[in-house]
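Asks: Below: one structure in C-alpha cells.
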Amino acid sequence: SYYGKPNKTIHFKDVSCIGNEDNLADCTKTQLSINTGKQILNETDVAGVDCIYDPPTEPPCIENPDIKPSDACDSSGSFRLMKKGSVSTDEGRFEYCYNGFWTPLCTMDNRLADVACRQLGHTQYSWGAIVESGEFGTLLNYSLIVNITCSGSESSVLDCTPFATDDNCLPWCPHNNVGLRCFDTGDCEEGTVRLVDGIIEQEGRVEVCIDSVWGSVCDEGWDKTDALVVCRQMGHHE
C-alpha cells in the first residue's frame with residue numbers, strides 16, 4: 001500500500017464488492033484467522049483508499065491579519081483537545097499553548113498525532129487520526145504557528161518543536177481547524193473500518209475490526225468498487 005504495511009494481521013483477502021454495499025463486511029471475501037493473516041503478511045501487500053472530496057482550497061496564509069488573541073494559557077507547549085466547549089482526552093479540536101495564548105493548527109502530521117494521544121494516556125499502540133473536516137469547530141481563522149514537528153518517539157508534545165510563522169502571513173484555515181481523534185487497540189466495534197497513515201483523514205491504509213482486533217485487508221483483487229464501499233461506510237462523498 002502507498003500508506004505502508006504495519007505489523008498487523010490481515011483479516012480479509014480476495015475482497016469483491018458489487019458497489020451497492022453499505023459496509024465492507026457485506027462484500028464477498030475470504031476471512032482469515034489471526035494466525036493465518038499474520039503468516040501471509042510478509043508475502044502480500046495491503047489495501048489503501050483515498051476518499052478525498054476536493055472543495056475549493058483556501059489561501060495558504062493571510063497577510064497582515066487583525067490578530068485577536070484567543071483564551072490565555074499558562075504553560076507554553078501544552079495542548080488540549082476541545083469538543084463542544086469541554087476538554088476531551090479522546091477527540092476534539094487540537095489547541096496549542098503558544099506565547100500565552102491558545103492557537104489552533106492548520107496542519108498536523110501523524111507523528112504529532114500519535115505523540116499527543118500517548119500523552120493523553122492512550123497506549124503506545126494507539127492511533128491518532130487527523131481530522132481536517134472542521135467537525136470540532138473553529139477557534140480562530142488562522143494559526144500562530146506553521147506546524148509542530150516530532151520524531152514520533154516523544155512521550156510529550158512538550159518535547160516536540162513548534163515552528164513560528166512570519167507575523168505578516170499567518171496560516172489560514174477558517175473552516176478546518178485541525179482536530180485529533182485517538183483510537184486504542186482493541187477499542188473497536190465489529191466490522192468497523194478506518195483509514196490510517198494517510199496525510200489527511202479521508203485517505204490511508206484500510207483497516208477493519210474483527211473480534212476487537214484491528215487488521216489490514218489484502219490488496220489481491222482490490223479495486224475501485226471495493227474502495228467505494230469503504231468510503232460510503234465511513235460517510236464520505238461518493
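The values are calculated or read from the model by the stated rules, or taken from the named source; none is laboratory data. Keep in mind it's a predicted model, so treat the numbers as computed, not measured. No Cβ is skipped: glycine too gets one built from the backbone with ideal geometry, and neighbour counts run over all protein chains shown. Side chains included, ligands, DNA and RNA excluded: accessible areas come from the protein's heavy atoms. Shrake-Rupley method; radii C 1.70, N 1.55, O 1.52, S 1.80 Å.
Asks: It is to be established whether one or more residues within segment 173-187 are touching a residue at least 24 places away in the same chain (Cβ under 8 Å), acidic (Asp, Glu) and within 19 Å of residue 202 (Cβ to Cβ).
Replies: no
Asks: Sticking with this structure for a sec: So which pairs qualify, if the first residue must be in segment 21-48 and under 15 Å from residue 230 (Cβ atoms), the second must be modelled with pLDDT under 80 and loosely packed, with under 14 Cβ neighbours inside 10 Å, the Cβ gap must be under 8 Å, and the two must be at least 6 apart or on different chains?
Replies: 48/2
Asks: Working carefully through the options 137, 179, 128, 152, find the one that is at positive phi, touching a strand residue (DSSP E or B) at 6+ places or on another chain (Cβ under 9 Å) and of a type outside the set (Val, Ile, Thr). Show your work before the answer.
Replies: Numbers: 179 fails: at positive phi; 128 fails: at positive phi; 152 fails: touching a strand residue (DSSP E or B) at 6+ places or on another chain (Cβ under 9 Å).
The conditions single out 137.
Asks: Residues 56, 65: which one is open to solvent by 30 Å² or more (accessible area, probe 1.4 Å), under 22 Å from residue 173 (Cβ atoms) and modelled with pLDDT under 85? Steps first, answer last, please.
Replies: On the way: 65 fails: open to solvent by 30 Å² or more (accessible area, probe 1.4 Å).
56 is the lone residue from the list that is open to solvent by 30 Å² or more (accessible area, probe 1.4 Å), under 22 Å from residue 173 (Cβ atoms) and modelled with pLDDT under 85.
Asks: For segment 80-107, name all the residues that are in contact with a helix residue (DSSP H, G or I) (Cβ under 9 Å, 6 or more places away or on another chain) and within 16 Å of residue 159 (Cα to Cα).
Replies: Within segment 80-107, 96 is the sole residue that qualifies.
Asks: What number of residues within segment 40-53 satisfy the criterion of being modelled with pLDDT of 80 or more and not in a loop (DSSP other than H, G, I, E, B)?
Replies: 4
Asks: Could you grab me the full set of residues in segment 162-214 that are open to solvent by 30 Å² or more (accessible area, probe 1.4 Å), under 24 Å from residue 9 (Cβ atoms) and either modelled with pLDDT of 85 or more or part of a strand (DSSP E or B) (or both)?
Replies: 181, 183, 190, 192, 213
Asks: So in segment 88-123, with the set limited to residues that are assigned to a loop (DSSP other than H, G, I, E, B) and within 16 Å of residue 196 (Cα to Cα), which one is modelled with the highest pLDDT?
Replies: Only one residue tops the list, namely 108.
Asks: While we're on this one: Tell me which residues, restricted to segment 112-152, are closer than 14 Å to residue 179 by Cβ and touching a helix residue (DSSP H, G or I) at 6+ places or on another chain (Cβ under 8 Å).
Replies: Once the filter is applied, which keeps residues that are closer than 14 Å to residue 179 by Cβ and touching a helix residue (DSSP H, G or I) at 6+ places or on another chain (Cβ under 8 Å), segment 112-152 yields 112, 116, 128, 129, 130.
Asks: Give the residues of segment 215-238 that are at pLDDT below 80, under 15 Å from residue 21 (Cβ atoms) and open to solvent by 60 Å² or more (accessible area, probe 1.4 Å), sorted by residue number.
Replies: Residues of segment 215-238 at pLDDT below 80: 236-238.
Filter once more, keeping what is under 15 Å from residue 21 (Cβ atoms): 236, 238.
Correct list: 238 only.
Asks: To continue, here is another question. Please go through (1) in contact (Cβ under 8 Å) with a residue 40 or more places away in the chain; (2) surrounded by 14 or more Cβ atoms within 10 Å (Cβ to Cβ) for residue 155 and return the number of the only condition it doesn't satisfy.
Replies: (2)
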